């Protein structure tokens, strides 16, 4: 799912190395995940316009629908979890999450 989510979030079809970096795995693992997604009909390989020897991965309609569905379920779960929070608690959580994101180590 992380692969599909990363491809959906990208502004263009991803190369294997871009996909690997986006989901934090090595290239052989990313290649296997891409092949599984292709086999399941959730992704397709497209020729790289800059280098026809390379392929990029994009989502199929089924892959896009699955990502939308999972994102909707996540959004609903967060919304349900936050129902018991006051406005002040929601603001504090948002502040702390932003602080965590700012401090998150990058490679």
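Residue 7 - would you say it is at pLDDT 95 or above, within 25 Å of residue 106 (Cα to Cα), touching a strand residue (DSSP E or B) at 6+ places or on another chain (Cβ under 7 Å) and surrounded by 10 or more Cβ atoms within 10 Å (Cβ to Cβ)? Step through it out loud before you land on a result.
Numbers: at pLDDT 95 or above: yes; within 25 Å of residue 106 (Cα to Cα): yes; touching a strand residue (DSSP E or B) at 6+ places or on another chain (Cβ under 7 Å): yes; surrounded by 10 or more Cβ atoms within 10 Å (Cβ to Cβ): yes.
The answer is yes for residue 7.
Okay, residues lined up against (1) under 18 Å from the mean Cα position of the chain (by Cα); (2) part of a helix (DSSP H, G or I); (3) more than 30 Å from residue 39 (Cα to Cα); (4) at pLDDT 95 or above:
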{"position": "62", "(1), (2), (3), (4)": "yes, yes, no, yes"}
{"position": "69", "(1), (2), (3), (4)": "yes, yes, no, no"}
{"position": "72", "(1), (2), (3), (4)": "yes, yes, no, no"}
{"position": "79", "(1), (2), (3), (4)": "no, yes, yes, no"}
{"position": "84", "(1), (2), (3), (4)": "no, no, yes, no"}
{"position": "92", "(1), (2), (3), (4)": "no, yes, yes, yes"}
{"position": "96", "(1), (2), (3), (4)": "no, yes, yes, yes"}
{"position": "102", "(1), (2), (3), (4)": "no, yes, yes, no"}
{"position": "105", "(1), (2), (3), (4)": "no, no, yes, no"}
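Exactly one of (1) in contact with a strand residue (DSSP E or B) (Cβ under 7 Å, 6 or more places away or on another chain); (2) assigned to a helix (DSSP H, G or I) is unmet by residue 35. Its number?
(1)
The values are calculated or read from the model by the stated rules, or taken from the named source; none is laboratory data. Note that the structure is predicted; figures quoted are calculated from it, not measured. Methodologically, a virtual Cβ is constructed for each residue, glycine included, from the backbone with ideal geometry; neighbour enumeration extends over all protein chains shown.
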